[in-house]
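The values are calculated or read from the model by the stated rules, or taken from the named source; none is laboratory data. Since the structure is predicted, the reported quantities are computational estimates derived from the model, not experimental observations. Cβ placement follows ideal geometry from the backbone for every residue including glycine, while neighbour counts extend to all protein chains displayed. Just the protein is used for accessible areas: all its heavy atoms, side chains included, with ligands, DNA and RNA removed. Shrake-Rupley method; radii C 1.70, N 1.55, O 1.52, S 1.80 Å.
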Amino acid sequence: GGFNSSGLDAVLKGKGISSVFFAGSDTSFCVESTVRGAVDCDYSAIVVEDACFSAYQQLHDSTMTTLGFHLAFFTTTAQVTDHYP
């Protein structure tokens, strides 16, 4: 994950950032581990669900269900672009 053994947490906290958006490939590995790292560091995690994918839909769906249990909020690319043009 992006927070493991990196300076990402320090950089984000140094800028006063408290929420992080997530998108990427391999929802069930890379995205999930980075979301978990963010939550462990006390960030609000917001997963852009239509901007994430896995090689197998079942893995993607399972991970999204897991993340939905008190780990992350969900949004779509349309909602993000509407709020942050």
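Structure summary
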quantity: Shape metrics for the chain, restricted to C-alpha atoms - Rg then Dmax, Å; calculated: 12.6, 38
quantity: Rough spin-label spacing in nm, given labels placed 7 Å along Cα→Cβ, for ASP26 and CYS41; calculated: 2.0 nm
quantity: DSSP loop chymotrypsin sites (Phe, Trp or Tyr not before Pro) with at most 12 other Cβ within 10 Å: longest gap in the chain; calculated: 1-55
quantity: The stretch 33-83: C-alpha gyration tensor shape, a/c 1.5 cut-off, then a/b vs b/c; calculated: oblate
quantity: Accessible-area composition of the chain, carbon plus sulfur, in percent [1.4 Å probe]; calculated: 56 percent
quantity: Estimated [θ] at 222 nm from DSSP helical runs (n ≥ 4, -39500 (n - 2.57)) normalised by residues in the chain, nearest 500; calculated: -11500 deg cm²/dmol
